[in-house]
2 protein chains.
Amino acid sequence: MPVRDAEATRRRLLAAATADFAAHGIAGARVDRIAAEAGVNKALLYSHFGDKLGLFDAVFRMNADAVVEATPFTAEDLPDYAVRLYDAAIARPELIRLATWARLERVTPGGLVMDEAASDAKLRAIAEAQRTGFITPAMEPRDVLALVIAMALTWSCASLSYAAAPGDPEADHERRRRALSTAVSGAFRP
Amino acid sequence: MPVRDAEATRRRLLAAATADFAAHGIAGARVDRIAAEAGVNKALLYSHFGDKLGLFDAVFRMNADAVVEATPFTAEDLPDYAVRLYDAAIARPELIRLATWARLERVTPGGLVMDEAASDAKLRAIAEAQRTGFITPAMEPRDVLALVIAMALTWSCASLSYAAAPGDPEADHERRRRALSTAVSGAFRP
DNA sequence: ACGTTGTAACTATCTAGTTAGTTACCGGAG
DNA sequence: CTCCGGTAACTAACTAGATAGTTACAACGT
């Protein structure tokens, strides 16, 4: 590999920035700390990303795409989708933190993580599952989707009720998965 | 009223600090801005609250107590409790934001808003409602409570799925209340 | 030779927290 | 009633360090 590699530099910056923004938020993150952690000169960071906000947006977009692609949506089996989302949120808390910072410090209302296309596809799948009797037709698809996601993130690191600790015994996780599955199953039964 | 009133000064500081912390978080809030907004000298702020974190903790405790007392818990009617919590979250988004900042920047795992006593009382009420057949005994009370709260906050300003806008038409709120009520009702049915 | 990649040092501004001193209030002595 | 002294409430100005962003210049590779 070459001594000079703009692409690799960019990746190192994004990795360091992801960690720092997830830990401290936009206002709390430090540009010098990120550059030092990445082993990159600060001026180089600015030439790549413009400013601190530009760096945050790049970090957020990258990670939001990753998480959406990582957990495929199954409208005809919402409990399973919820459980997989629970696992993803526990396994990668920094993504949840990043999204929460973005919500608080950047975009105020509306959708956040998913783009229009990803969201639309899920909504259509829910409508179809309502027609075929997997999901109650008593709610609008967008409310079904929002509720399932909220339920899956009940114990996430940004939860206002009760956040799971990283070192919780597997039995706790298993108990929550069962509770979540039961609750989702009942909540949207036709 | 006296020209000098330490208690009134304290209240003005807490009010200004609540607004600033809710808007910008701990790292983003500015001590000078808070003092100026309250019309209080900065040194006075420090004599009252020690430092920035001390001020935040005072602000958070005050508001957390207020919200817990404002929405009484009814284990035998969880859908109604959820709807009242939804309304509270929409009406006072700054409380939700404050709690979310606290979660991200201060306490990492475990409970957040409620103290031991308030939480215990709710958990016992849920256990009782499980015995009397209002709530499924298939889940532990703590999971029931966490899930209900998470569901009620599905559209709150800190939601990762879809945040309600302040100016949403009443029809949207009504639609969400019905969806929430239906979902909660189904999720914990025995 | 020349654009891309990289660096060290710098600046202007901001920020939490402090200090040394001033003013209103209040209870008691005269 | 009024003067006095102590104390609590309050203030202007300051400090030391941090912070985002810039500049002028050097080295690499092709």
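All of the numbers you see were taken from the coordinates with simple rules; none came from a lab. From a predicted model like this one, the values you see are computed outputs, not experimental measurements. Cβ sites come from the backbone with ideal geometry, for glycine too, and all protein chains shown count toward neighbours.
List of remarks:
- Relative contact order of the range B:1-110: 29 percent, from C-alpha pairs under 8 Å at least 6 residues apart in sequence.
- Relative contact order for chain B, counting Cα pairs under 8 Å that sit 6 or more residues apart, in percent: 22
- More than 13 Å apart - percent of Cα-Cα pairs taken over the range B:1-64: 57
- Set of aspartates and glutamates near A:LYS52 by C-alpha distance (under 18 Å), chain-local residues within fewer than 8 positions excluded: A:ASP20, A:ASP32, A:GLU37, A:GLU105
- Based on C-alpha pairs under 8 angstrom that are at least 6 apart in sequence, the range B:105-190 has a relative contact order of 28 percent.
- 10 Å Cβ neighbours from other chains, averaged over peptide A:91-99: 1
- When you count the other C-beta atoms within 10 angstrom of each residue and take the mean per peptide, B:149-162, B:173-186 line up highest first as B:149-162, B:173-186.
- Angle between chain B longest axis and helix B:6-28 axis [Cα atoms, degrees, rounded to 10]: 70
- The mean count of C-beta atoms from other chains within 10 Å of the C-beta of residues in B:105-118, rounded to a whole number, is 3.
- With a Förster radius of 22 Å applied to the C-beta separation of A:ASP65 and A:ASP87, the computed FRET efficiency comes to 0.70.
- Förster radius 56 Å - calculated FRET efficiency between A:ALA6 and B:ALA138 (Cβ-Cβ, nearest 0.05): 0.50
- Cα-Cα separations in the range A:71-190 greater than 16 Å, expressed as whole percent: 62
- Value in Å of the Kirkwood radius, where the range A:134-186 supplies the Cα pairs that are averaged: 12.4
- For the segment B:176-188, counting C-beta atoms of other chains within 10 Å of every residue's C-beta and taking the mean gives 6.
- From the alpha carbon centroid of the range A:116-190 to that of the range A:80-94 is 11 Å.
- Percent of alpha-carbon pairs separated by more than 34 Å within the protein assembly as shown: 32
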